[in-house]
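The values are calculated or read from the model by the stated rules, or taken from the named source; none is laboratory data. Bear in mind that the values here come from a model prediction, so they are computed numbers and not experimental data. Here the Cβ positions follow ideal geometry from the backbone for every residue, glycine too, while neighbour counts run over all protein chains shown. What goes into the accessible areas is simple: the full protein's heavy atoms, side chains included, and nothing from ligands, DNA or RNA. Shrake-Rupley method; radii C 1.70, N 1.55, O 1.52, S 1.80 Å.
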Amino acid sequence: MIKRRVTRTVDVGGVKIGSEYPVSIQSMAKTDTVDVEATVSEIVRLEKAGCELVRVAVKTPEAARALSQIKGKISIPLIADIHFDYKLALESVKNGADKIRINPGNIRDLKDLDKIIDVCGEKRVPIRVGVNSGSLTEMHTGAGNPADIMVSSLLKYLELFRTRRFKDVVISLKSSNVRVGIDAYRKMANECDYPFHVGITAAGLPDEGIVRSSIGIGVLLLEGIGDTIRVSLTGEPVGEVLSAKNILKTVGARNFGPEIIACPTCGRCQVDLVSITKKLQKELKKVYGQDKPLLIAVMGCEVNGPGEAEGADAGIAFGKGKGAIFCKGEIVKTVDEDAAVEELLAVIRKGV
Ligand code: SF4
């Protein structure tokens, strides 16, 4: 069980962010926000995949005005991503944004920030102060520890929030360098009790981006740091949500239904373990609730098979053309390879 860093709670359009609540999943629409139809369609796909909060880019007053139409057609909180122009934040709040994300690297004038705090305070709209290593000019001199620079510039920026007693703040410190990002979040965790939005920025195409994000976000979550996460991928946004679920599941932060552990196979394996595992994964979705935890082991031989299958809720350890089915640590039957998936599903259906 992960011991979470204790934070205050911030309510974003009904989704509570903070240590008292489950780590939530965010993503960002990749459409032009002005194109309401395309944006809504993408957000609905994200919702179906399990996205719990969604952000959209607000580049123009027209995009800010589109928020009210988008909000009426989706069922998760909508976050306006603001850069450079504070007036876009004001317009977004007016049009129903549930949270504003601002970047201290490009909304630097404290008079502008003061106006955003005024409007958000009046409407109880939370603000994510999202530092991004790429947009902090202080980072580009090459002097100093990058994580320290990110944290100190953020702390300076947060002074006005403290003076104004504006508490609905979420923090992020994203770097494309995993080590710098982890260091920055760790350092900031000692400085405040604001909840953290955790992610690795510009993580890249899915094959590399998922690895970078899993390491960066996973390390922090295992230390109890992180209250909402976004996996940033150069690609299909639904993939961000599925990866976020896998990260949360892997670190034990949330359950998203059955989890299969399967051996990688080697020369000892005498069955088609890849096909069996894929078929089991597909069929399990139909027969088992996606909110109930269940650990299933599918193993290729007697080397590690019985041990893993015994330790899981249910499992199968194969030999030559046959497999021993385990349930709660006991062998319940031995079956032919061809019938393995159906027989294992029958055991699971009976109740594990
Ligand atoms: Fe190979 Fe057996 Fe290990 Fe699977 S369990 S990788 S088949 S040794």
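Remarks
- Just one of the listed residues (GLU240, GLU259) is more than 13 Å from the chain's Cα centre (by Cα) and closer than 21 Å to PRO206 by Cβ, and it is GLU259.
- Annotation note: of GLY235, GLY239, the sole residue that is assigned to a helix (DSSP H, G or I), touching a Pro at 6+ places or on another chain (Cβ under 6 Å) and more than 16 Å from the ligand (Cβ to nearest atom) is GLY239.
- Cβ pairs under 7 Å, 6+ apart, first in the range 333-344 and assigned by TED's automatic domain parsing to the domain that holds LYS279, second part of a strand (DSSP E or B) and open to solvent by 50 Å² or more (accessible area, probe 1.4 Å): THR334/LYS322; VAL335/LYS322; ASP336/LYS322; GLU337/LYS322; GLU343/LYS333
- All positions within the range 277-313 that are within 12 Å of the ligand (Cβ to nearest atom) and either assigned to a loop (DSSP other than H, G, I, E, B) or β-branched (Val, Ile, Thr) (or both): THR277, VAL298, GLY300, CYS301, GLU302, VAL303, ASN304
- Close Cβ contacts (under 6 Å, 6 or more residues apart or on different chains) running from residues in the range 250-278 that are open to solvent by less than 80 Å² (accessible area, probe 1.4 Å) to residues that are assigned to a loop (DSSP other than H, G, I, E, B) and near the ligand (Cβ under 8 Å from one of its atoms) comprise CYS263/GLY300; THR265/GLY300; CYS269/GLY300; CYS269/CYS301; LEU273/THR265; LEU273/GLY300.
- Residues located in the range 285-308, provided they are within 18 Å of THR250 (Cα to Cα) and surrounded by 14 or more Cβ atoms within 10 Å (Cβ to Cβ): PRO293, LEU294, LEU295, ILE296, ALA297, VAL298, GLU308
- Scanning the range 101-122 for residues that are small (Gly, Ala, Ser) and farther than 21 Å from VAL56 by Cβ returns a single hit, GLY121.
- Any hit, the range 166-176, residues being in a helix (DSSP H, G or I) and assigned by TED's automatic domain parsing to the domain that holds SER135: no
- The set of residues in the range 242-276 that are among the β-branched types (Val, Ile, Thr) and either part of a helix (DSSP H, G or I) or away from the ligand (no atom under 15 Å from the Cβ) (or both) comprises ILE247, THR250, VAL251, VAL274, ILE276.
- Pairs where the first residue, in the range 103-130, is of a type in the set (D, E, K, R) and the second is assigned to a helix (DSSP H, G or I), C-beta under 8 Å, 6+ apart: ASP109/TYR86; ASP112/TYR86; ASP114/LEU160; LYS115/TYR86; LYS115/LEU90; LYS123/VAL93
- Selection of first residues in the range 285-314 that are in the same structural domain as PHE326 (by TED's automatic domain parsing) and of second residues that are within 16 Å of the ligand (Cβ to nearest atom) and open to solvent by 90 Å² or more (accessible area, probe 1.4 Å), restricted to Cβ pairs under 8 Å at least 6 apart or on distinct chains, gives the following pairs, ordered by first then second residue: GLY300/ARG268; GLY300/GLN270; CYS301/ARG268; CYS301/GLN270; VAL303/ARG268.
- Within the range 181-207, tally of residues that are modelled with pLDDT under 95 and in a helix (DSSP H, G or I): 2
- Note on the range 1-67: enclosed strands (runs of 3 or more DSSP E) holding 2 or more residues that are in contact with a Leu (Cβ under 9 Å, 6 or more places away or on another chain) and on the phi < 0 side of the Ramachandran plot are 15-17, 24-28, 53-57.
- Positions within the range 315-332 being in a loop (DSSP other than H, G, I, E, B), open to solvent by less than 30 Å² (accessible area, probe 1.4 Å) and either within 16 Å of LEU280 (Cβ to Cβ) or touching a residue at least 24 places away in the same chain (Cβ under 8 Å) (or both), in sequence order: GLY319, GLY321
- Residue count for the range 177-193, restricted to those that are over 18 Å from the mean Cα position of the chain (by Cα) and either open to solvent by less than 30 Å² (accessible area, probe 1.4 Å) or not assigned by TED's automatic domain parsing to the domain that holds LEU136 (or both): 5.
- Meets criteria (over 9 Å from the mean Cα position of the chain (by Cα) and at pLDDT below 95) for GLY226: no
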